[in-house]
Amino acid sequence: MKLGIVTHSVMKGEGQGRVNYEVAREAIRRGHHLALLASRIAPELQVHSSWLRSPAHISRVRRDWYGAYQWLFTALNARWEKQAFRQAKCLVAVSDKVKEELTDIGVPKESIRVIINGVDLQEFSPGVADRKKLSLPDGVPLALFIGEIRTPRKNLDTVFNALVQVPELHLAIVGTTEGSPYLQLAER
């Protein structure tokens with residue numbers, strides 16, 4: 001079978017990039033012909049009109065030539081992606097929301113299969129960690145947020161607002177804080 005993935009990232013350690021990585025790895029393992037078109041591809045392996053509409057898209061955050069380039073890049077990719085999706089015999093969506101977005105652009109529902117993101121338990125196995133080493137409190141419920149915290153793309157403000165409703169829950173956040181609009185909100 002001939003497959004193609006058009007995306008920003010096919011990298012093991014990056015959210016959606018990890019999903020793309022696992023799909024690509026399995027397709028290769030099964031002997032399918034795979035073409036990858038991405039900005040970053042994991043060396044061992046050598047979509048999105050909704051992203052273009054996102055308030056966190058780089059073209060809305062940066063009002064310069066780079067932002068304009070990103071807008072054009074995303075717009076062209078979204079157009080080509082729609083064409084490819086409509087011609088595909090079968091598409092895998094990582095959620096019902098993604099399936100809905102695909103049907104909204106004209107992909108027949110019967111050609112879409114939903115396979116929810118999973119976790120590689122061999123790589124990400126829970127273990128005993130010394131919270132004090134990480135400056136985290138012992139003996140309290142702890143939630144973890146990992147993601148981009150310099151833009152509103154991952155909705156960290158929503159997480160902070162929800163925390164007010166669960167005062168016994170502590171939140172650990174992993175990400176680069178330089179330029180983040182959330183530092184003051186976190187202190188409050």
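The values are calculated or read from the model by the stated rules, or taken from the named source; none is laboratory data. Quantities reported herein were computed from a predicted structural model and do not represent experimental measurements. For neighbour counting, all protein chains shown are included, and Cβ atoms are generated from backbone atoms with ideal geometry for every residue, glycine included. Keep in mind that these areas ignore ligands, DNA and RNA; they rest on the heavy atoms of the full protein, side chains included. Shrake-Rupley method; radii C 1.70, N 1.55, O 1.52, S 1.80 Å.
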Selection count, the stretch 159-188, where residues are open to solvent by 80 Å² or more (accessible area, probe 1.4 Å), part of a loop (DSSP other than H, G, I, E, B) and of a type in the set (A, V, I, L, M, F, W, C): 1
Verdict on residue 135 being among the small types (Gly, Ala, Ser), loosely packed, with under 10 Cβ neighbours inside 10 Å and more than 22 Å from the chain's Cα centre (by Cα): yes
Residue selected from the stretch 1-25 under the condition closer than 21 Å to residue 153 by Cα and charged (D, E, K, R), by the criterion least open to solvent (accessible area, probe 1.4 Å): 18
Count of the stretch 69-114 residues which are open to solvent by less than 90 Å² (accessible area, probe 1.4 Å), of a type in the set (Lys, Arg) and in contact with a Lys or Arg (Cβ under 9 Å, 6 or more places away or on another chain): 1
